[in-house]
Amino acid sequence: MIPLVASLLVVGFPSCSTDLGKDRQASSSESALKLGPFRQGNFIPDEKPLKAEDTTDLREVALSLPIWESSWKSSEEWVYMNSKDGRRVDQWTNPADGAQHAVTIKRLAKSSEGLTRVGVFHPSLKVFTPDGGRYGSWSAVLERRTGGWFVESVD
């Protein structure tokens, strides 16, 4: 039953890299339930294509990430109607409505190569598994790459 639940929760992320290198171990199914594609070393392709100039708007950054209960297409209008401006702030939290988790995106210092970096902060959440699993909050540091985000670290 757990493999079935795990596969249902990570559907839509098959293009995420699973090459962990020889010095890293594969995540357990519990980690996949908790983090989805947000695992150190993964590449997360854009959900919504993100142009370089869009990285100045944290709403656009958020729409490019797989953090939405539904697709970005059905979330975009709702985000712009129900949230504060994401352009002149260092931190932005998506509007939560009970089904959608309130995920916070924070601007970080650019990489030494000048690449955009953001922190993603996910609240604790209840995942309905046979054992009633509850997962604590987590955060990830992402670096912008062509067509998506590289997961630098996860806490």
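The values are calculated or read from the model by the stated rules, or taken from the named source; none is laboratory data. Bear in mind the structure is a predicted one, so any value in this text is a computation, not a measurement. Positions of Cβ are backbone-derived with ideal geometry, glycine not excepted, and every protein chain shown enters the neighbour counts. Heads up: the accessible areas ignore ligands, DNA and RNA and are worked out on the full protein's heavy atoms, side chains in. Shrake-Rupley method; radii C 1.70, N 1.55, O 1.52, S 1.80 Å.
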| request: Would you please state which residues of the range 107-122 a label at ARG87 would reach in this model, taking the label point 7 Å out along Cα→Cβ and a backbone N cut-off of under 20 Å? | output: 107-108, 116-117
| Accessible area of the range 63-117 divided out per residue, in Å², using a probe of 1.4 angstrom | 60 Å²
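Pop out the carbon and sulfur fraction of the accessible area of the range 81-120 as a percent, whole number, probe 1.4 Å.
On the way: 1160 of 2400 Å².
That fraction is 48 percent.
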| Which parts of the range 105-119 would a label at THR56 reach, counting a residue when its backbone N lies under 15 Å from a point 7 Å out along Cα-to-Cβ? | 116
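What is the calculated FRET efficiency for SER112 to GLU69, with r their C-beta to C-beta distance and R₀ = 35 Å, to the nearest 0.05?
Working: r = 36 Å, r/R0 = 1.02.
Result of the calculation: an efficiency of 0.50.
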| Evaluated over the range 42-89, the Cα radius of gyration and Dmax, each in Å | 10.6, 32
| Radius 13 Å from Cβ of TRP78, net charge of other residues (Lys, Arg +1; Asp, Glu -1) | -2
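If you count, for each residue, the other Cβ atoms within 10 Å and average over each peptide, how do 103-116, 56-69, 82-95 line up from highest to lowest?
Numbers: 103-116: 13.1, 56-69: 20.6, 82-95: 14.7.
Going by the mean number of other Cβ atoms within 10 Å, highest first, we get 56-69, 82-95, 103-116.
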